[in-house]
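To keep things clear, I will list the structure first and then write my remarks on it.
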Amino acid sequence: MTQTQPVGTLRLTIDDQGPQGQSRAVEQFHQGALRVIRPHYLDDSGQVSYTIIAIGGGYLGGDVYEQQFTVKDNAKALITTQSATKIYRTPQGPVTQYTEINVGENAVLEYLADQTIAYRESTYHQFTKVTLHPTSTFVMSEQITPGWHPDGKHFAYDEMRLHTEITDSTTGRLVLLDNLLLRPDSREGSFGWTEQYTHSGQMIVMGEGVDKQLVAELNEQLAAHPDVYGAVNFLSAPGTLLRGFIARTLSNRTEELINLHEHIASLLRGRWRGQEPVNLRKY
Amino acid sequence: MDLDADFLLLHLSDSALPTGAFAHSFGFETYMDAERITNAEEFQDWLKVLLKVQLTSSDALAMRMFYATPTASELKRLDERLFAGTPAREVREANARMGTRMAEIVAETYSVPLIIEYLELIKNRELSGHPALALALATHSMGIDVDRAIHAHLTATVSSLIQNAVRGIPLGQMAGQRVMFAMREHIGAAVKRSAMLDAIDFCSGDPGLDISQMVHETQRARLFMS
């Protein structure tokens, strides 16, 4: 049951010492079912873009995946996935993914994942530990899609846990512990959970440019959105200069959530770095 | 000695304790605004979910973890994690306010180890304060069993939310009492369930409940601060 050797390992370290100050990987290691496609430069900002590929098409019970992304001082990276992460039945035990992220001084990481699809009788545990310099910019988004079931029944998975910790690398202070736990069979009453929706999304953004005005602006946009219900809240904590926001969203379609997350990521890039909108060119 | 323990529990879980609990709905006002909570039955449904999903994995588990390691460093770690583990800003701030008041009250009345240190760390803005931790400091030093301490804290929290619902929705006083009595079994179950949780369950939540608490700050007319 317990697997010592991960099914897939991926480590990437990115600095800003490429030609013309472009960001590039200085260390790259992959093993087993995780790979990356060769880097792309999607615009002239010097930001390097990597796409993760999970070979084998889906995660199975007992699988352990390990990822480590380090973005050194002043470097800029975009990391995305090639396609949805699919979690199949996991009778052998949960699928677990561990991700460690470190973003240095004035560095940027946009980690925009495709949706995670949880199929019938699957259990998925995702642990993401992020350490950030207060001057860094970190953008992470993900979407959870209930997988198809022969009865047409939604929420046939057993359990999804997305556990994310964000810590200040200079003070060691925790600013966010986000512990989303979805267990369809233990749902009680008619409140909370995913309300009347099927898909849930979340976005975490940390950066010096986040203020209460930005949060209010994003909340206005969300309130006016016809197909997404959600909210954005400001994040800060004693003992750290880190500031940011968390957005939780619900919808009936994956695309609505992905488009919204890309829209927000693009808005912030334009405003904070004068950069072109996110264009992942996957579709 | 036993009477002293009873007194402490009755005193610190009294809904008249001036912690400011009367000002917080923990998100039920969002559902009131959406007309999803209009009567005692709907309110009770919501309260059960809040208790099971949030209060058990945050407040109750934090108290249990402090009892397991009753040290200053664990107190700091738990305070930090409770604050970081609450995505809704208004709820974070509500707990910080009520936690500070609770710590002040405990420091003023019971001479309890760690409480002065806790209060100083809160005043120096190194920690935020949380009512469950301030209460746990007091109950632990009095030798009160962890289950009874958690039970008292959850009962007090449920009771003040019911009083807020009686004023806010509004509900009849007797309807409020019926909800209170109906919650007895659910509070007991929450105490037991908190003993089965692991450290990894700390502050687990679900998206809908979080959104109801996060969206409250944008609501136009509000009776409550959260």
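Below, the figures for the structure above:
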read-out	value
Quarter of Cα convex hull surface for the stretch B:106-226, i.e. mean projection, nm²	10.1
Antiparallel bridge percentage (DSSP; both residues within chain A; nearest 5)	45
At most 16 other Cβ within 10 Å, DSSP loop - trypsin sites (Lys or Arg not before Pro), the stretch B:121-166	B:R125
On Cα atoms only, tilt of B:173-196 relative to the major axis of chain B in degrees	50
CD proxy at 222 nm, helix term only [per DSSP H run n ≥ 4: -39500 (n - 2.57); per residue of the protein assembly as shown; nearest 500]	-11000 deg cm²/dmol
Cross-link partners of B:K76 among aspartates and glutamates (Cα-Cα below 20 Å; sequence separation of 8 or more within a chain)	A:E165, A:D168, A:D178, B:D59, B:E93, B:E104, B:E117, B:E120, B:E126, B:D198, B:D201
The protein assembly as shown - percent of accessible surface contributed by carbon and sulfur, probe 1.4 Å	50
Descending semi-axes in whole angstrom, ellipsoid equivalent of chain B, from the Cα gyration tensor	27, 19, 17
Protection proxy ranking of B:87-99, A:109-121, A:81-93 - average other beta-carbon atoms within 10 Å, highest first	B:87-99, A:109-121, A:81-93
Across A:K129/B:K48; A:K76/A:K129; B:K123/B:K192; A:K86/A:K129; A:K86/A:K153, pairs whose alpha-carbon gap is larger than 29 Å	A:K129/B:K48; B:K123/B:K192
Label-reachable residues, the stretch B:138-180, where backbone N falls under 14 Å from a point 7 Å from B:A221's Cα toward its Cβ	B:168-170
Approximate spin-label separation A:H149-B:T109, in nm, with each point projected 7 Å along Cα-to-Cβ	4.9
Eligible aspartates and glutamates near A:K212 by straight Cα distance, threshold 14 Å, same-chain separation 8 or greater	A:E220, B:E90, B:E217
Cα Rg, Dmax (largest Cα-Cα span) when computed across the protein assembly as shown, Å	23.2, 76
Total accessible surface hidden between B and A, rounded to 100 Å², 1.4 Å probe	3300
DSSP-defined antiparallel bridges as percent of all bridges, the protein assembly as shown, nearest 5	45
Per residue accessible area in Å² of chain B, where ligands, DNA and RNA are left out and the probe is 1.4 Å	42
Contact order relative to length of the stretch A:70-273, as percent, for alpha carbon pairs under 8 angstrom and 6 or more apart	17
Mean shadow area of the stretch A:161-272 over all directions, Cα convex hull, nm²	8.0
Helix axis angle, B:72-84 relative to chain B longest principal axis, alpha carbon, degrees	20
Convex hull volume per residue in cubic angstrom - Cα atoms of the stretch A:202-260	73
Dimensionless Rg/Rh of the stretch B:1-119 - Kirkwood Rh, Rg from C-alpha atoms	1.00
HN-Hα J in Hz across the stretch A:73-86 - Karplus 6.51, -1.76, 1.60, θ = phi - 60°, x for Gly and Pro	3, 6, 7, 10, 9, 10, 10, 9, 10, 6, 7, 4, 8, 10
Taking all pairs of distinct alpha-carbon atoms in the stretch A:96-211, Kirkwood radius in angstrom	15.6
Intensity falloff of the stretch A:70-273 expressed as log10 I(q)/I(0), Debye formula with alpha-carbon point scatterers, at q = 0.08, 0.09, 0.17 Å⁻¹	-0.27, -0.34, -1.20
Among B:P113, B:P207, B:P18, residue whose mean-square fluctuation peaks in a GNM of chain B (springs only between Cα atoms under 10 Å)	B:P207
Probe 1.4 Å, accessible area per residue of the stretch A:87-213, Å²	34
Distance-filtered residues of the stretch B:1-22 - backbone nitrogen under 14 Å, label point 7 angstrom along B:R148 Cα→Cβ	B:1-13
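The values are calculated or read from the model by the stated rules, or taken from the named source; none is laboratory data. None of these values were measured; they are calculated from a predicted model. Positions of Cβ are generated from backbone atoms using ideal geometry, with glycine treated the same way; all protein chains shown enter the neighbour counts. The area values use the complete protein model at the heavy-atom level, side chains included, leaving out ligands, DNA and RNA. Shrake-Rupley method; radii C 1.70, N 1.55, O 1.52, S 1.80 Å.
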